[in-house]
2 protein chains.
Amino acid sequence: MTARPRQSWTAIAREVSRRISDGDWPAGALIPNEADLAQEFGCARATVSRALRELADQGLLDRRRRAGTRVRELPERRARLDIPVMRQQVERRGARYGYLLLLREVLPPPSPVAATLALPQQVPALHLRALHNADEAPFLLEDRWINLRAVPDAETADFARENANEWLLRNVPLTTGELGLTACAAAPEEAELLNCAPGDALFQQDRITINDGERVTWVRSLYAPGYRMRLAL
Amino acid sequence: MTARPRQSWTAIAREVSRRISDGDWPAGALIPNEADLAQEFGCARATVSRALRELADQGLLDRRRRAGTRVRELPERRARLDIPVMRQQVERRGARYGYLLLLREVLPPPSPVAATLALPQQVPALHLRALHNADEAPFLLEDRWINLRAVPDAETADFARENANEWLLRNVPLTTGELGLTACAAAPEEAELLNCAPGDALFQQDRITINDGERVTWVRSLYAPGYRMRLAL
DNA sequence: TAGTGGTCTAGACCACCCA
DNA sequence: GGGTGGTCTAGACCACTAT
(Lines give C-alpha, C1' and ligand atoms only; values in the text may rest on other atoms or scores of the structure.)
Protein backbone atom coordinates (compact mmCIF):
# COMPACT_ATOMS: atom_id res chain seq x y z
CA MET A 1 0.00 0.00 0.00
CA THR A 2 1.43 3.33 -0.98
CA ALA A 3 -0.18 6.33 0.65
CA ARG A 4 -1.33 8.76 -2.01
CA PRO A 5 0.04 12.26 -1.58
CA ARG A 6 -2.29 14.87 -0.19
CA GLN A 7 -3.65 17.14 -2.89
CA SER A 8 -3.91 20.85 -2.39
CA TRP A 9 -6.55 23.03 -3.99
CA THR A 10 -3.86 25.29 -5.45
CA ALA A 11 -2.26 22.35 -7.23
CA ILE A 12 -5.60 21.37 -8.67
CA ALA A 13 -6.32 24.93 -9.75
CA ARG A 14 -2.96 25.03 -11.50
CA GLU A 15 -3.61 21.74 -13.26
CA VAL A 16 -7.04 22.86 -14.41
CA SER A 17 -5.52 26.14 -15.61
CA ARG A 18 -2.92 24.20 -17.51
CA ARG A 19 -5.52 22.08 -19.22
CA ILE A 20 -7.35 25.18 -20.29
CA SER A 21 -4.32 27.04 -21.57
CA ASP A 22 -3.00 23.92 -23.30
CA GLY A 23 -6.32 23.50 -25.03
CA ASP A 24 -7.17 20.15 -23.44
CA TRP A 25 -10.36 21.87 -22.39
CA PRO A 26 -11.11 24.43 -25.09
CA ALA A 27 -13.14 27.58 -24.60
CA GLY A 28 -16.80 26.85 -24.14
CA ALA A 29 -16.26 23.21 -23.25
CA LEU A 30 -17.96 21.46 -20.38
CA ILE A 31 -15.42 20.04 -17.98
CA PRO A 32 -15.91 16.92 -15.84
CA ASN A 33 -18.01 17.36 -12.76
CA GLU A 34 -16.56 17.76 -9.30
CA ALA A 35 -17.06 14.18 -8.26
CA ASP A 36 -15.22 12.82 -11.29
CA LEU A 37 -12.38 15.28 -10.88
CA ALA A 38 -12.12 14.41 -7.21
CA GLN A 39 -11.74 10.78 -8.14
CA GLU A 40 -9.20 11.56 -10.85
CA PHE A 41 -7.10 13.73 -8.55
CA GLY A 42 -7.60 11.42 -5.62
CA CYS A 43 -8.96 14.01 -3.26
CA ALA A 44 -12.18 15.06 -1.61
CA ARG A 45 -14.81 16.80 -3.66
CA ALA A 46 -14.59 19.86 -1.42
CA THR A 47 -10.99 20.32 -2.51
CA VAL A 48 -11.91 20.28 -6.18
CA SER A 49 -14.76 22.63 -5.39
CA ARG A 50 -12.44 25.11 -3.74
CA ALA A 51 -10.09 25.06 -6.71
CA LEU A 52 -12.85 25.53 -9.27
CA ARG A 53 -14.51 28.25 -7.25
CA GLU A 54 -11.26 30.19 -7.25
CA LEU A 55 -10.93 29.90 -11.02
CA ALA A 56 -14.55 30.95 -11.43
CA ASP A 57 -13.85 34.00 -9.24
CA GLN A 58 -11.00 34.82 -11.59
CA GLY A 59 -13.42 34.76 -14.48
CA LEU A 60 -11.94 31.69 -16.11
CA LEU A 61 -14.83 29.31 -15.54
CA ASP A 62 -18.60 29.53 -15.50
CA ARG A 63 -20.28 27.33 -12.94
CA ARG A 64 -23.97 26.56 -12.73
CA ARG A 65 -25.86 23.96 -10.81
CA ARG A 66 -27.12 21.16 -12.92
CA ALA A 67 -25.54 22.69 -16.03
CA GLY A 68 -22.01 21.99 -14.84
CA THR A 69 -18.77 23.90 -15.23
CA ARG A 70 -17.71 25.43 -18.52
CA VAL A 71 -14.58 27.16 -19.73
CA ARG A 72 -15.49 30.78 -20.43
CA GLU A 73 -15.59 31.69 -24.10
CA LEU A 74 -13.59 34.87 -23.67
CA PRO A 75 -12.06 34.80 -20.24
CA GLU A 76 -12.90 38.13 -18.70
CA ARG A 77 -9.92 39.96 -17.33
CA ARG A 78 -10.42 41.20 -13.83
CA ALA A 79 -8.37 43.78 -12.11
CA ARG A 80 -8.44 44.72 -8.47
CA LEU A 81 -8.01 48.22 -7.21
CA ASP A 82 -6.98 48.77 -3.61
CA ILE A 83 -7.93 52.26 -2.57
CA PRO A 84 -5.85 53.45 0.33
CA VAL A 85 -6.93 56.55 2.20
CA MET A 86 -5.48 59.73 0.76
CA ARG A 87 -3.04 60.13 3.62
CA GLN A 88 -1.44 56.76 2.85
CA GLN A 89 -1.52 57.42 -0.85
CA VAL A 90 0.55 60.54 -0.32
CA GLU A 91 2.85 59.10 2.31
CA ARG A 92 3.65 56.06 0.17
CA ARG A 93 5.05 58.48 -2.35
CA GLY A 94 7.42 59.65 0.32
CA ALA A 95 5.69 63.00 0.71
CA ARG A 96 4.19 64.73 3.72
CA TYR A 97 0.44 64.72 3.76
CA GLY A 98 -1.49 67.93 4.12
CA TYR A 99 -5.20 68.64 4.14
CA LEU A 100 -7.15 71.85 3.79
CA LEU A 101 -10.89 72.36 3.99
CA LEU A 102 -11.86 75.01 1.45
CA LEU A 103 -15.61 75.14 1.85
CA ARG A 104 -18.29 73.86 4.15
CA GLU A 105 -21.95 74.63 3.68
CA VAL A 106 -25.34 73.03 4.19
CA LEU A 107 -27.78 73.55 1.37
CA PRO A 108 -29.90 71.66 -1.15
CA PRO A 109 -27.59 70.10 -3.73
CA PRO A 110 -27.94 70.73 -7.44
CA SER A 111 -30.41 68.33 -8.93
CA PRO A 112 -27.99 65.85 -10.53
CA VAL A 113 -26.36 65.36 -7.15
CA ALA A 114 -29.74 65.19 -5.41
CA ALA A 115 -30.78 62.49 -7.84
CA THR A 116 -27.58 60.54 -7.28
CA LEU A 117 -28.07 60.70 -3.53
CA ALA A 118 -31.74 59.79 -3.96
CA LEU A 119 -32.73 62.97 -2.13
CA PRO A 120 -35.96 64.88 -2.83
CA GLN A 121 -35.47 68.40 -4.12
CA GLN A 122 -34.82 71.11 -1.56
CA VAL A 123 -33.54 68.72 1.10
CA PRO A 124 -30.29 70.20 2.38
CA ALA A 125 -27.09 68.19 2.34
CA LEU A 126 -23.55 68.88 3.51
CA HIS A 127 -21.28 70.28 0.83
CA LEU A 128 -17.51 70.16 1.26
CA ARG A 129 -14.61 71.20 -0.90
CA ALA A 130 -11.15 70.19 0.22
CA LEU A 131 -7.61 70.02 -1.02
CA HIS A 132 -5.19 67.22 -0.23
CA ASN A 133 -1.53 68.12 -0.51
CA ALA A 134 1.70 66.24 -0.95
CA ASP A 135 4.63 68.24 0.43
CA GLU A 136 2.71 71.52 0.10
CA ALA A 137 1.95 70.82 -3.55
CA PRO A 138 -1.71 70.27 -4.38
CA PHE A 139 -2.40 66.61 -5.01
CA LEU A 140 -6.15 66.18 -5.12
CA LEU A 141 -9.15 68.46 -5.13
CA GLU A 142 -12.38 66.99 -3.91
CA ASP A 143 -15.93 68.20 -4.16
CA ARG A 144 -18.22 66.22 -1.89
CA TRP A 145 -21.87 66.05 -0.91
CA ILE A 146 -22.90 64.11 2.18
CA ASN A 147 -26.45 62.88 2.69
CA LEU A 148 -27.30 64.13 6.18
CA ARG A 149 -30.33 61.89 6.37
CA ALA A 150 -28.02 58.88 6.09
CA VAL A 151 -25.32 60.23 8.42
CA PRO A 152 -26.76 63.03 10.60
CA ASP A 153 -23.63 63.05 12.77
CA ALA A 154 -21.69 64.46 9.83
CA GLU A 155 -23.30 67.86 10.43
CA THR A 156 -21.42 68.32 13.69
CA ALA A 157 -18.15 66.66 12.66
CA ASP A 158 -15.11 68.89 12.40
CA PHE A 159 -14.06 68.43 8.81
CA ALA A 160 -11.48 71.18 9.10
CA ARG A 161 -9.41 68.80 11.20
CA GLU A 162 -10.28 65.37 9.88
CA ASN A 163 -10.94 64.75 6.23
CA ALA A 164 -14.34 63.40 5.28
CA ASN A 165 -12.98 60.23 3.76
CA GLU A 166 -11.40 59.06 6.99
CA TRP A 167 -14.33 60.27 9.08
CA LEU A 168 -16.73 58.27 6.93
CA LEU A 169 -14.50 55.20 7.04
CA ARG A 170 -14.62 55.33 10.82
CA ASN A 171 -18.32 56.08 11.09
CA VAL A 172 -19.77 54.15 8.16
CA PRO A 173 -17.21 51.44 7.66
CA LEU A 174 -19.27 49.02 5.61
CA THR A 175 -20.27 50.38 2.30
CA THR A 176 -20.55 49.44 -1.30
CA GLY A 177 -20.67 51.81 -4.18
CA GLU A 178 -19.45 52.67 -7.59
CA LEU A 179 -16.44 54.36 -9.08
CA GLY A 180 -16.34 56.24 -12.35
CA LEU A 181 -13.03 57.21 -13.93
CA THR A 182 -12.50 59.63 -16.74
CA ALA A 183 -10.26 62.37 -18.05
CA CYS A 184 -11.31 66.00 -18.10
CA ALA A 185 -9.85 69.39 -18.83
CA ALA A 186 -9.07 71.65 -15.87
CA ALA A 187 -11.50 74.52 -15.43
CA PRO A 188 -9.87 77.87 -14.58
CA GLU A 189 -10.81 77.69 -10.91
CA GLU A 190 -9.66 74.09 -10.63
CA ALA A 191 -6.43 74.88 -12.41
CA GLU A 192 -5.64 77.59 -9.91
CA LEU A 193 -6.24 75.31 -6.94
CA LEU A 194 -4.28 72.45 -8.46
CA ASN A 195 -1.50 74.73 -9.58
CA CYS A 196 -1.73 73.83 -13.23
CA ALA A 197 -2.85 75.48 -16.45
CA PRO A 198 -6.51 75.74 -17.48
CA GLY A 199 -7.29 73.00 -19.99
CA ASP A 200 -4.69 70.63 -18.63
CA ALA A 201 -5.75 66.99 -18.70
CA LEU A 202 -6.83 65.84 -15.26
CA PHE A 203 -7.66 62.41 -13.95
CA GLN A 204 -11.15 62.53 -12.52
CA GLN A 205 -12.76 60.06 -10.16
CA ASP A 206 -16.44 60.09 -9.25
CA ARG A 207 -17.58 57.95 -6.40
CA ILE A 208 -20.94 57.13 -4.93
CA THR A 209 -21.00 55.33 -1.60
CA ILE A 210 -23.93 53.25 -0.42
CA ASN A 211 -24.52 51.89 3.04
CA ASP A 212 -27.22 49.29 3.35
CA GLY A 213 -29.16 50.77 0.46
CA GLU A 214 -28.77 54.37 1.59
CA ARG A 215 -26.76 56.78 -0.54
CA VAL A 216 -24.21 58.19 1.85
CA THR A 217 -22.00 60.46 -0.18
CA TRP A 218 -21.07 61.53 -3.66
CA VAL A 219 -17.62 62.84 -4.33
CA ARG A 220 -15.79 64.09 -7.40
CA SER A 221 -12.02 64.03 -7.10
CA LEU A 222 -9.61 65.73 -9.45
CA TYR A 223 -6.01 64.63 -9.29
CA ALA A 224 -3.18 66.99 -10.09
CA PRO A 225 -1.55 66.38 -13.50
CA GLY A 226 0.73 63.37 -13.68
CA TYR A 227 -1.26 61.19 -11.34
CA ARG A 228 -1.33 57.55 -12.25
CA MET A 229 -3.64 54.95 -10.77
CA ARG A 230 -2.37 51.40 -10.62
CA LEU A 231 -4.37 48.20 -10.66
CA ALA A 232 -3.26 44.61 -10.28
CA LEU A 233 -4.52 42.38 -13.06
CA MET B 1 -34.25 18.52 22.42
CA THR B 2 -34.59 21.35 19.94
CA ALA B 3 -32.54 21.00 16.79
CA ARG B 4 -30.40 24.12 16.35
CA PRO B 5 -30.85 25.84 13.02
CA ARG B 6 -28.13 25.34 10.45
CA GLN B 7 -25.84 28.33 10.23
CA SER B 8 -24.68 29.69 6.92
CA TRP B 9 -21.36 31.39 6.35
CA THR B 10 -23.12 34.41 4.85
CA ALA B 11 -25.16 34.88 8.02
CA ILE B 12 -22.01 34.72 10.10
CA ALA B 13 -20.24 37.18 7.82
CA ARG B 14 -23.17 39.56 8.19
CA GLU B 15 -23.15 39.25 11.95
CA VAL B 16 -19.42 39.87 12.15
CA SER B 17 -19.83 42.88 9.85
CA ARG B 18 -22.55 44.18 12.10
CA ARG B 19 -20.37 43.87 15.18
CA ILE B 20 -17.65 45.81 13.44
CA SER B 21 -19.86 48.60 12.13
CA ASP B 22 -21.70 48.85 15.45
CA GLY B 23 -18.40 49.22 17.24
CA ASP B 24 -18.70 46.01 19.28
CA TRP B 25 -15.35 45.13 17.75
CA PRO B 26 -13.58 48.45 17.20
CA ALA B 27 -10.88 49.07 14.61
CA GLY B 28 -7.64 47.35 15.51
CA ALA B 29 -9.25 44.97 17.97
CA LEU B 30 -8.49 41.28 18.12
CA ILE B 31 -11.64 39.25 17.63
CA PRO B 32 -12.28 35.82 19.14
CA ASN B 33 -10.60 32.91 17.44
CA GLU B 34 -12.39 30.61 15.02
CA ALA B 35 -12.99 27.85 17.52
CA ASP B 36 -14.66 30.18 20.01
CA LEU B 37 -16.79 31.79 17.34
CA ALA B 38 -17.81 28.39 16.04
CA GLN B 39 -18.98 27.48 19.51
CA GLU B 40 -20.80 30.77 19.94
CA PHE B 41 -22.57 30.49 16.60
CA GLY B 42 -23.13 26.79 17.04
CA CYS B 43 -21.51 25.73 13.81
CA ALA B 44 -18.40 24.02 12.50
CA ARG B 45 -15.14 25.90 12.54
CA ALA B 46 -14.89 25.60 8.77
CA THR B 47 -18.04 27.67 8.44
CA VAL B 48 -16.63 30.46 10.57
CA SER B 49 -13.42 30.22 8.62
CA ARG B 50 -15.23 30.67 5.34
CA ALA B 51 -17.04 33.74 6.64
CA LEU B 52 -13.91 35.37 8.02
CA ARG B 53 -11.92 34.59 4.90
CA GLU B 54 -14.51 36.40 2.83
CA LEU B 55 -14.35 39.48 5.05
CA ALA B 56 -10.57 39.39 4.93
CA ASP B 57 -10.75 39.25 1.13
CA GLN B 58 -12.90 42.35 1.28
CA GLY B 59 -10.20 44.11 3.24
CA LEU B 60 -12.17 44.34 6.46
CA LEU B 61 -10.11 41.94 8.55
CA ASP B 62 -6.47 41.03 8.90
CA ARG B 63 -5.83 37.39 9.57
CA ARG B 64 -2.55 35.85 10.62
CA ARG B 65 -1.74 32.48 12.03
CA ARG B 66 -0.92 32.51 15.66
CA ALA B 67 -1.58 36.25 15.87
CA GLY B 68 -5.30 35.87 15.31
CA THR B 69 -7.83 37.99 13.43
CA ARG B 70 -7.96 41.75 13.79
CA VAL B 71 -10.32 44.42 12.56
CA ARG B 72 -8.41 46.57 10.08
CA GLU B 73 -7.50 50.03 11.32
CA LEU B 74 -8.63 51.73 8.14
CA PRO B 75 -10.62 49.25 6.15
CA GLU B 76 -9.16 49.39 2.68
CA ARG B 77 -11.70 49.96 -0.02
CA ARG B 78 -11.41 47.52 -2.85
CA ALA B 79 -12.95 47.89 -6.23
CA ARG B 80 -13.19 45.31 -8.93
CA LEU B 81 -12.82 46.08 -12.58
CA ASP B 82 -14.20 43.65 -15.12
CA ILE B 83 -12.49 44.23 -18.42
CA PRO B 84 -14.56 42.96 -21.28
CA VAL B 85 -12.96 42.63 -24.66
CA MET B 86 -13.23 45.76 -26.77
CA ARG B 87 -15.88 44.23 -29.01
CA GLN B 88 -18.21 43.66 -26.06
CA GLN B 89 -17.41 47.04 -24.60
CA VAL B 90 -18.58 48.68 -27.80
CA GLU B 91 -21.58 46.41 -28.37
CA ARG B 92 -22.84 46.93 -24.84
CA ARG B 93 -23.14 50.58 -25.69
CA GLY B 94 -25.45 49.58 -28.47
CA ALA B 95 -22.94 50.41 -31.17
CA ARG B 96 -21.49 48.35 -33.99
CA TYR B 97 -17.92 47.30 -33.43
CA GLY B 98 -15.26 48.04 -35.99
CA TYR B 99 -11.55 47.36 -36.01
CA LEU B 100 -8.76 48.70 -38.18
CA LEU B 101 -5.11 47.77 -38.13
CA LEU B 102 -3.07 50.91 -38.82
CA LEU B 103 0.46 49.60 -38.54
CA ARG B 104 2.31 46.34 -38.30
CA GLU B 105 6.07 46.12 -38.13
CA VAL B 106 8.79 44.02 -36.54
CA LEU B 107 11.68 45.96 -35.07
CA PRO B 108 13.53 46.56 -31.83
CA PRO B 109 11.30 48.56 -29.50
CA PRO B 110 12.34 51.88 -27.98
CA SER B 111 14.26 51.27 -24.80
CA PRO B 112 11.51 52.03 -22.27
CA VAL B 113 9.33 49.44 -23.93
CA ALA B 114 12.22 47.00 -24.20
CA ALA B 115 12.84 47.42 -20.49
CA THR B 116 9.19 46.87 -19.68
CA LEU B 117 9.14 43.71 -21.74
CA ALA B 118 12.44 42.63 -20.18
CA LEU B 119 13.98 42.39 -23.64
CA PRO B 120 17.66 43.03 -24.34
CA GLN B 121 18.38 45.95 -26.66
CA GLN B 122 18.09 45.30 -30.38
CA VAL B 123 15.83 42.28 -30.03
CA PRO B 124 12.97 42.82 -32.44
CA ALA B 125 9.37 42.72 -31.26
CA LEU B 126 6.04 43.05 -33.01
CA HIS B 127 4.67 46.55 -33.10
CA LEU B 128 0.99 47.16 -33.82
CA ARG B 129 -1.18 50.23 -33.97
CA ALA B 130 -4.88 49.76 -34.26
CA LEU B 131 -8.12 51.65 -34.01
CA HIS B 132 -11.31 50.29 -32.48
CA ASN B 133 -14.49 51.95 -33.65
CA ALA B 134 -18.01 52.28 -32.36
CA ASP B 135 -20.46 52.91 -35.20
CA GLU B 136 -17.67 54.25 -37.45
CA ALA B 137 -16.60 56.76 -34.77
CA PRO B 138 -13.15 56.17 -33.31
CA PHE B 139 -13.41 54.73 -29.83
CA LEU B 140 -9.95 53.61 -28.85
CA LEU B 141 -6.47 53.92 -30.27
CA GLU B 142 -4.00 51.30 -29.21
CA ASP B 143 -0.24 51.13 -29.52
CA ARG B 144 1.04 47.67 -28.76
CA TRP B 145 4.31 45.79 -28.56
CA ILE B 146 4.31 42.01 -28.44
CA ASN B 147 7.27 40.01 -27.16
CA LEU B 148 7.91 37.49 -29.92
CA ARG B 149 10.13 35.43 -27.67
CA ALA B 150 7.16 34.83 -25.41
CA VAL B 151 4.63 34.28 -28.21
CA PRO B 152 6.44 33.45 -31.46
CA ASP B 153 3.14 32.51 -33.13
CA ALA B 154 2.12 36.14 -33.03
CA GLU B 155 4.49 36.85 -35.92
CA THR B 156 2.34 34.89 -38.34
CA ALA B 157 -1.05 35.81 -36.91
CA ASP B 158 -3.29 37.94 -39.10
CA PHE B 159 -3.87 41.00 -36.97
CA ALA B 160 -5.61 42.78 -39.80
CA ARG B 161 -8.55 40.45 -39.28
CA GLU B 162 -8.47 39.64 -35.58
CA ASN B 163 -7.47 42.20 -33.01
CA ALA B 164 -4.48 41.41 -30.86
CA ASN B 165 -6.41 41.48 -27.63
CA GLU B 166 -8.70 38.66 -28.64
CA TRP B 167 -5.91 36.73 -30.31
CA LEU B 168 -3.86 36.89 -27.12
CA LEU B 169 -6.83 35.90 -24.99
CA ARG B 170 -7.24 32.80 -27.10
CA ASN B 171 -3.56 31.94 -27.30
CA VAL B 172 -2.27 33.04 -23.91
CA PRO B 173 -5.37 32.84 -21.79
CA LEU B 174 -3.79 32.80 -18.37
CA THR B 175 -1.98 35.94 -17.56
CA THR B 176 -1.43 38.39 -14.79
CA GLY B 177 -0.25 41.91 -15.20
CA GLU B 178 -0.67 45.48 -14.26
CA LEU B 179 -2.83 48.35 -15.34
CA GLY B 180 -1.91 52.02 -15.16
CA LEU B 181 -4.56 54.68 -15.64
CA THR B 182 -3.96 58.36 -16.22
CA ALA B 183 -5.15 61.38 -18.12
CA CYS B 184 -3.15 62.90 -20.95
CA ALA B 185 -3.50 65.56 -23.60
CA ALA B 186 -4.08 64.41 -27.17
CA ALA B 187 -1.02 64.78 -29.42
CA PRO B 188 -1.79 66.12 -32.90
CA GLU B 189 -1.48 62.73 -34.57
CA GLU B 190 -3.61 61.07 -31.91
CA ALA B 191 -6.20 63.81 -32.12
CA GLU B 192 -6.58 63.26 -35.83
CA LEU B 193 -7.08 59.52 -35.44
CA LEU B 194 -9.50 59.92 -32.54
CA ASN B 195 -11.35 62.72 -34.30
CA CYS B 196 -10.84 65.26 -31.54
CA ALA B 197 -8.82 68.43 -31.02
CA PRO B 198 -5.13 68.41 -30.10
CA GLY B 199 -4.76 68.99 -26.38
CA ASP B 200 -8.11 67.39 -25.53
CA ALA B 201 -8.06 65.41 -22.31
CA LEU B 202 -7.87 61.68 -23.02
CA PHE B 203 -8.23 58.70 -20.75
CA GLN B 204 -5.09 56.62 -21.08
CA GLN B 205 -4.59 53.03 -20.05
CA ASP B 206 -1.22 51.28 -19.99
CA ARG B 207 -1.17 47.59 -19.57
CA ILE B 208 1.57 45.04 -19.15
CA THR B 209 0.65 41.39 -19.43
CA ILE B 210 2.68 38.61 -17.88
CA ASN B 211 2.35 34.92 -18.53
CA ASP B 212 4.16 32.65 -16.15
CA GLY B 213 6.85 35.24 -15.48
CA GLU B 214 7.30 36.18 -19.14
CA ARG B 215 6.35 39.65 -20.31
CA VAL B 216 3.98 39.03 -23.16
CA THR B 217 2.81 42.43 -24.28
CA TRP B 218 2.73 46.10 -23.46
CA VAL B 219 -0.08 48.21 -24.73
CA ARG B 220 -1.02 51.86 -24.39
CA SER B 221 -4.67 52.60 -25.09
CA LEU B 222 -6.14 56.03 -25.62
CA TYR B 223 -9.89 56.34 -25.35
CA ALA B 224 -11.81 58.93 -27.32
CA PRO B 225 -13.00 61.91 -25.23
CA GLY B 226 -15.96 61.24 -22.99
CA TYR B 227 -15.03 57.69 -22.12
CA ARG B 228 -15.84 56.66 -18.60
CA MET B 229 -14.58 53.55 -16.88
CA ARG B 230 -16.80 52.04 -14.22
CA LEU B 231 -15.77 49.97 -11.23
CA ALA B 232 -17.87 48.24 -8.62
CA LEU B 233 -16.84 49.08 -5.09
C1' DT C 1 6.76 25.82 22.13
C1' DA C 2 2.13 26.59 21.88
C1' DG C 3 -1.77 28.79 19.77
C1' DT C 4 -3.63 30.43 15.72
C1' DG C 5 -5.45 30.21 11.05
C1' DG C 6 -5.19 27.13 6.67
C1' DT C 7 -6.49 23.13 4.69
C1' DC C 8 -8.05 18.43 3.73
C1' DT C 9 -11.36 14.48 4.31
C1' DA C 10 -15.55 11.75 4.08
C1' DG C 11 -19.99 12.14 4.33
C1' DA C 12 -24.34 14.35 4.05
C1' DC C 13 -28.15 17.29 2.66
C1' DC C 14 -29.78 20.98 -0.07
C1' DA C 15 -30.90 24.46 -3.96
C1' DC C 16 -31.09 25.00 -8.36
C1' DC C 17 -32.46 24.19 -12.85
C1' DC C 18 -32.27 21.56 -17.28
C1' DA C 19 -34.57 17.95 -19.56
C1' DG D 1 -36.90 13.74 -11.79
C1' DG D 2 -32.34 13.75 -11.39
C1' DG D 3 -27.71 15.58 -11.86
C1' DT D 4 -25.07 19.42 -10.79
C1' DG D 5 -22.72 22.68 -7.82
C1' DG D 6 -23.10 24.85 -2.95
C1' DT D 7 -22.62 24.24 1.62
C1' DC D 8 -22.25 22.32 6.28
C1' DT D 9 -20.23 19.04 9.77
C1' DA D 10 -16.88 16.80 12.72
C1' DG D 11 -12.55 15.63 12.94
C1' DA D 12 -7.77 15.80 11.84
C1' DC D 13 -3.22 17.40 10.68
C1' DC D 14 -0.31 21.09 9.18
C1' DA D 15 2.19 25.78 8.67
C1' DC D 16 3.24 29.71 10.49
C1' DT D 17 4.82 32.76 13.98
C1' DA D 18 4.47 35.38 18.44
C1' DT D 19 6.31 34.70 22.73
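General remarks:
- Principal-axis tilt of helix B:45-57 within chain B, Cα atoms, nearest 10 degrees: 40
- Positive end of the dipole of the stretch A:27-148 (Cβ unit charges, origin at the Cα centre): among A:LEU55, A:GLY98, A:LEU128, the Cα lying farthest that way belongs to A:LEU55.
- Rolled with a 1.4 Å probe across the full set of protein chains, the surface gives B:ARG87 an accessible area near 90 Å².
- Cα long-axis angle, helix A:9-21 against chain A (0 to 90 degrees, to the nearest 10): 90
- Global form of the protein assembly as shown, assessed from the alpha-carbon gyration tensor, a/c cut-off 1.5: oblate
- A point 7 Å from Cα along Cα→Cβ stands in for A:ARG65, and the other copies hold the same point at 3.6 nm, listed in rising order.
- In chain B, the portion of solvent-accessible area held by carbon and sulfur atoms comes to 46 percent [1.4 Å probe, whole percent, DNA, RNA and ligands not counted].
- Annotation for A:ARG18, label-to-label distances across the other copies: 4.7 nm (shortest first, one decimal, point 7 Å from Cα along Cα→Cβ).
- Rounded Å value of the spacing that divides the Cα centres of the stretch B:181-215 and the stretch A:168-228: 21
- Computed magnitude of the charge dipole of the stretch A:86-223 (debye, nearest 20; Cβ of K, R +1, Cβ of D, E -1): 220
- Shielding by partners, peptide B:220-230 (average Cβ within 10 angstrom, other chains): 3
- Build a GNM of chain A with springs between Cα atoms under 10 Å apart, and of A:GLN58, A:GLN39, A:GLN122 the one that fluctuates most is A:GLN39.
- Top positive-direction residue, dipole computed over the protein assembly as shown with Cβ charges, set A:GLY177, B:PRO198, B:ILE20: B:ILE20
- Sequence-ordered 3J(HN,Hα) estimates for the stretch B:64-73 from the Karplus curve with 6.51, -1.76 and 1.60 and θ = phi - 60° stand at 9, 4, 6, 7, x, 10, 10, 6, 4, 4 Hz, glycine and proline given as x.
- Karplus (6.51, -1.76, 1.60) ³J(HN,Hα), θ = phi - 60°, over the stretch B:22-28, in Hz, Gly and Pro reported as x: 7, x, 4, 10, x, 4, x
- Each chain gives up part of its surface: B and A jointly bury about 4500 Å² of accessible area, both sides summed, for a 1.4 Å probe.
- Shape category assigned to the stretch B:146-233 from the gyration tensor of Cα positions, a/c cut at 1.5: prolate
- If you model the stretch A:86-223 as an ellipsoid using its alpha carbon gyration tensor, with each semi-axis the square root of five times an eigenvalue, the axes come out at 24, 18, 14 Å, biggest first.
- At 7 Å out from Cα toward Cβ: A:PRO120 inter-copy label distances (nm, ascending): 7.5
- When the Cα gyration tensor is reduced to axis lengths a ≥ b ≥ c, the ratio a/c stays below 1.5 for the stretch B:9-71, which is therefore classed as rounded.
- Residues whose placed amide H lies under 5 Å from that of B:GLY59, excluding near-sequence neighbours: none
- Between A:ARG170, A:ARG66, A:ARG144, the GNM of chain A built on Cα springs shorter than 10 angstrom shows A:ARG66 fluctuating the most.
- Gaussian network model of chain A, Cα within-10 Å springs - most flexible of A:ARG161, A:ARG45, A:ARG92: A:ARG45
The values are calculated or read from the model by the stated rules, or taken from the named source; none is laboratory data. Keep in mind that this is a model prediction, so the values were computed, not measured. Neighbour counts run over all protein chains shown; Cβ positions are idealised from the backbone, glycine included. Side chains are part of the model used for accessible areas, which takes the heavy atoms of the whole protein and leaves out ligands, DNA and RNA. Shrake-Rupley method; radii C 1.70, N 1.55, O 1.52, S 1.80 Å.
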